[in-house]
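Bear in mind these aren't lab numbers, they're just calculated from the coordinates by the rules spelled out. Keep in mind the model is a prediction, meaning the values are calculated, not measured. Please note: Cβ atoms are built from the backbone with ideal geometry, for glycine as well, and neighbour counts cover all protein chains shown.
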Amino acid sequence: MSDNSGVLFSIDATDCASRYLHVRVTISPPFTAKKLTLKFPRWVPGSYFIREPMQYLTGLDCRQGGKEVSFKRKAVDTVEIKLADSEAEVIVSYRILGIELSVRSTHIDSSHLHMMPPFTFLLPTNGIEQSRINKEHHITLFCPQGWTPATQLKLAGHQPKVNSFIDNQADKYNFTAPDRDQLLDGIIEVNPNPNISFNVDGRDHILKLWDSGGYSTDEHMVERFIGDMKKIISEHHALFGIPQWAEYITIIHLTEKSRGGLEHLNSQTSMLPRVCLIDGHHDEYRDLISLFSHEYLHQWNVKRLRPSNFIHYDLQQEVHTELLWWFEGCTSWLGDMLCVRSGAWSEDDWRKDMERKLSRHLTRNGSEHESLAESSHDAWIHLYRSHAFSRETQISYYLEAELGIFCLDAELRKRSKGKHGICDLMAKLCQKYALGYPSVS
């Protein structure tokens, strides 16, 4: 166990029609106490709101040596298990009701599974050596036969036609994550649709599509999107350099009306109305391009260039920063600029989008009451908890910070006589402070 955590996370999606994802967490000895404590994350990185995803957990069962052991629920996020044997592994089993369709949740039905680790896994926090949780973790997926996964987790093995741990026929996939943070960041999308692979500047990319209504996607529009993705990716590489990181996964969920995006270290889940990939819906397609670029840029801004208190997320309580305006506003501004510079957007596309944003800005009065720093700090109680008068008393650090970065970019270019802008500042900040860069310890 010295080279790994001794904790195995297993998920079984073969009962997908029931909307339940079956989960097992197997913890191997040694144990350091007579009680083993596990906690369920209370929020998802990138979405600053205490969501209490443990509300979807049911059917909790704890066993050691094949026998049931007693456990207690504590607070809203904790399970405490009384160990019967200091030398026998503990198996914690439960189900997650995957009915919340969003980019930040675990969702399952007869057509797919989108697995969000902080929405799925109980994590041991006491009763084992603390260093174990930051060692390599093993993750096992059982899915319906013919489904294929897309994930930034490292594939360690694949076995077709096996019995799952709830005794259904399945395909089995084994993955690894090098530490706790990458375990929690390692989303999995698995469905019958193919993984569409392409390469840009030597880096592999995978596009995985899923439609919530089961509709077919226009192949011509998918090819058009891939062409624009390649342009945007190349423009990011021209600014930041070609990443030496693993392949990048883009998961697109197509819905009736829902929209959202969530960044991960080497992947994204973006959700948009399906008309974005129907020919003739220009505004919606422009939004798809913008959202992809925004989430792709987050690889640098917020996933690697991040506040110091975000280096190891504490997912049991709110973690505040006054810098969300930079991480979202700058990403919005620069992401769209790279759309234009790459040719994926025309200048007219940019003008139409900016007109829409200025209209939102001019019909709100929140900037008279709240600063960008205050809006960032209070995201937990403001942005994600709006009320009838929010537009009059609060601001969106996405919108207002993007306009502020627009002004900063213009000022930088004015003072440097066009030689430098916000893009150069971002690249310099990453070289000096971003995780994963050779010059950053």
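Observations on the model:
- Partners of K161 within straight-line reach, counting aspartates and glutamates whose Cα lies under 20 Å from its Cα and excluding those fewer than 8 residues away in the same chain: D12, D15, D171, E189.
- Spin-label pair E87/Q55, simplified geometry with 7 Å Cα→Cβ offset, distance in nm: 4.5 nm
- The ranking of M115, M221, M426 from fewest to most other beta carbons within 10 Å of each one's beta carbon is M221, M426, M115.
- Cα shape, segment 196-433, gyration tensor, a/c 1.5 rule: rounded
- Going from the fewest other Cβ atoms within 10 Å to the most, the residues M354, M54 appear in the order M354, M54.
- Within the chain: Cβ-based charge dipole about Cα centre, in debye rounded to nearest 20 (Lys, Arg +1; Asp, Glu -1): 760 debye
- When both segment 337-360 and segment 124-141 are represented by their alpha-carbon centers, they are found 45 Å apart.
- Prolate/oblate/rounded call for segment 203-295, Cα gyration tensor, a/c under 1.5 rounded: prolate
- log₁₀ of I(q)/I(0) at q = 0.06, 0.10 Å⁻¹ - the chain, Debye sum with one point per alpha carbon: -0.27, -0.75
- Three-way shape label, segment 236-377, alpha-carbon gyration tensor, a/c 1.5: oblate
- Lysine pairs in segment 196-433 whose alpha-carbon atoms fall under 24 angstrom of each other, counting only those eight or more residues apart or on distinct chains, come to 20.
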